Amino acid sequence: MKPSVILYKALPDSLQQRLEDHFTVTRVNNLSPETVQQHADAFASAVGLLGSSEKVDTALLEKMPNLRATSTISVGYDNFDVEALNERKVLLMHTPTVLTETVADTLMALVLSSARRVVEVAERVKAGEWTKSIGPDWFGIDVHGKTLGIVGMGRIGLALAQRAHFGFNMPILYNARRQHKEAEERFNARHCDLDTILQEADFVCLILPLTDETHHLIGKAQFEKMKKSAIFINAGRGPVVDENALIEALQNGEIYAAGLDVFEQEPLPASSALLTLPNVVALPHIGSATHETRYNMAACAVENLIDALAGKVDKNCVNPQAKP
Ligand code: 8YV
């Protein structure tokens, strides 16, 4: 008999087939207590779990005593209780490399659209407001040659630095726990503390995972340190930023604009003050959302689950120490 796994996200047919070649698959819509209760036997016997964007916590793990590996279709894994997984010797696999270039493209889109006010002026055109040659009230600010501050120099930060350096001739400052030799040698990036980035960068780009240390890393005090002309970009995780402080900074003119792909609450409530501000580009968490990359992420996650359940944890494993 094939081992049982729970799939809680739709997969393209070919990938679902690949999964079914190895496992008996129970497809559920989500991991809510109701769903778990409805499929109690399948959850109880499952050795694997595959999907994305749902909480995997102690309450769920208690219903899955046979679980040995979980595979998320994402690079971020803040929705997993990793300590609880470790205690139960459950492996956690993720998709760190396949989305790098696509997310860097999204970041560059946020940089360009917020600086040049692309969304705002395109909406004006659609509203029929382009009735004469435009004046300074429609102008934006330049991107090329401006200083880019990258907070979190991982794979995505590096891919952003490459675009900014070669494509836009931007000096690059970065903050990361360790110095990043490759970024310094290839893109002339300068390692500095967070305050220096806040004070000197024209674009402050946040690409950080959400952890206890990064929660509300950027708040009132940090926005106050930024230039009035600075543009703030976040494409990591929403709660790394105190969103009320961001709204205040935008409303009070402490910073020029913001380009956001992630929010404290997702989907962003329609009542959010962010949506009333013309100098905010708000995207619906599209960082990795292209057909090609989402396919590649799902394919990677399927292979990760097959590997993990075969005891192979040499790549894409968050907690290899949980291997029995
Ligand atoms: C996905 C992401 O939006 O990989 C991540 O961490 O944030 C995104 O690529 C998300 O996890 C949905 O699959």
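The values are calculated or read from the model by the stated rules, or taken from the named source; none is laboratory data. These figures come from a predicted structure and were not determined experimentally. Glycine gets a Cβ as well: all are built from the backbone with ideal geometry, and neighbour counts include every protein chain shown.
Kindly establish whether ALA183 is small (Gly, Ala, Ser) and under 28 Å from GLU266 (Cα atoms).
Values: small (Gly, Ala, Ser): yes; under 28 Å from GLU266 (Cα atoms): no.
For ALA183, the condition - small (Gly, Ala, Ser) and under 28 Å from GLU266 (Cα atoms) - is not met.
Restricted to the stretch 1-43, and to residues that are among the charged types (D, E, K, R) and not in a helix (DSSP H, G or I), which residue is farthest from the ligand (Cβ to nearest atom)?
This residue is LYS2.
Filter the stretch 97-136 for residues that are assigned to a helix (DSSP H, G or I) and small (Gly, Ala, Ser); which is nearest to the chain's Cα centre (by Cα)? Before the answer, list the steps.
Step one: list which residues in the stretch 97-136 are assigned to a helix (DSSP H, G or I), which gives 100-115, 118-126, 136.
Subset that is small (Gly, Ala, Ser): 104, 109, 113-115, 122.
Values: ALA104: 11, ALA109: 15, SER113: 18, SER114: 18, ALA115: 21, ALA122: 26 Å.
Checking each candidate, the answer is ALA104.
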query = Does the stretch 230-253 include one or more residues that are surrounded by fewer than 23 Cβ atoms within 10 Å (Cβ to Cβ), over 23 Å from VAL118 (Cβ atoms) and in contact with a Phe, Trp or Tyr (Cβ under 7 Å, 6 or more places away or on another chain)?
reply = yes
key: Whichever residue in the stretch 1-24 is buried (at least 16 other Cβ atoms within 10 Å of the Cβ) and of a type in the set (D, E, K, R) and, among such residues, is nearest to LEU50 (Cα to Cα)   = LYS9
query = So which of ASP105, ASP142, ASP81, ASP137 ends up being out of contact with any Phe, Trp or Tyr (no Cβ under 7 Å at 6 or more places or on another chain), more than 15 Å from the ligand (Cβ to nearest atom) and within 18 Å of PHE232 (Cα to Cα)?
reply = ASP142
Qualifying positions in the stretch 137-150 - closer than 26 Å to TYR174 by Cα and in a loop (DSSP other than H, G, I, E, B) = GLY140, ILE141, ASP142, VAL143, HIS144, GLY145, LYS146, THR147
query = If you go through the stretch 186-207 one residue at a time, do you hit one that is assigned to a loop (DSSP other than H, G, I, E, B), modelled with pLDDT of 95 or more, under 24 Å from ASP78 (Cα atoms) and among the small types (Gly, Ala, Ser)?
reply = no
query = Tally time: how many residues in the stretch 65-78 are away from the ligand (no atom under 16 Å from the Cβ) and either surrounded by fewer than 23 Cβ atoms within 10 Å (Cβ to Cβ) or among the small types (Gly, Ala, Ser) (or both)?
reply = 4
The listed residue being within 24 Å of ASP142 (Cβ to Cβ) and in a loop (DSSP other than H, G, I, E, B), out of GLY253, GLY236 = GLY253
inquiry  = Can you say whether GLU120 is over 17 Å from PHE203 (Cα atoms) and touching a residue at least 60 places away in the same chain (Cβ under 8 Å), as far as the supplied structure shows?
reply    = yes
Selection within the stretch 86-102 - surrounded by 23 or more Cβ atoms within 10 Å (Cβ to Cβ) and away from the ligand (no atom under 14 Å from the Cβ) = VAL90, LEU91
query = Taking interchain pairs and intrachain pairs at least six residues apart, which have beta carbon atoms under 8 angstrom, with the first residue in the stretch 302-324 and over 22 Å from SER14 (Cβ atoms) and the second among the small types (Gly, Ala, Ser)?
reply = CYS317/ALA308; LYS323/GLY311
inquiry  = Go through (1) over 20 Å from ILE306 (Cα atoms); (2) of a type in the set (Val, Ile, Thr); (3) without any contact (Cβ under 8 Å) to a residue 24 or more places away in the chain for VAL36 and report which single condition fails.
reply    = (3)
query = Mind checking which residues of the stretch 33-43 are closer than 27 Å to CYS317 by Cβ, surrounded by fewer than 18 Cβ atoms within 10 Å (Cβ to Cβ) and within 30 Å of the chain's Cα centre (by Cα)?
reply = THR35
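Just to verify a result, which residue in the stretch 44-59, among those that are more than 21 Å from LEU210 (Cβ to Cβ) and surrounded by fewer than 24 Cβ atoms within 10 Å (Cβ to Cβ), is nearest to the ligand (Cβ to nearest atom)?
Taking the stretch 44-59 as the starting set, the residues that turn out to be more than 21 Å from LEU210 (Cβ to Cβ) are 44-48, 50.
Subsequent filtering for residues that are surrounded by fewer than 24 Cβ atoms within 10 Å (Cβ to Cβ) retains 44-45, 47.
Numbers: ALA44: 26, SER45: 26, VAL47: 22 Å.
Within the stretch 44-59, the match that is nearest to the ligand (Cβ to nearest atom) is VAL47.
Please verify whether LEU305 is away from the ligand (no atom under 16 Å from the Cβ) and part of a helix (DSSP H, G or I), treating the condition exactly as stated.
Working: away from the ligand (no atom under 16 Å from the Cβ): no; part of a helix (DSSP H, G or I): yes.
It is false that LEU305 is away from the ligand (no atom under 16 Å from the Cβ) and part of a helix (DSSP H, G or I).
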ask   = Do you know which of the residues in the stretch 258-294 that are of a type outside the set (Lys, Arg) and in a helix (DSSP H, G or I) is farthest from the ligand (Cβ to nearest atom)?
value = THR276
inquiry  = Which condition from (1) closer than 13 Å to LEU305 by Cα; (2) in contact with a strand residue (DSSP E or B) (Cβ under 6 Å, 6 or more places away or on another chain) is the one that LYS9 breaks?
reply    = (1)
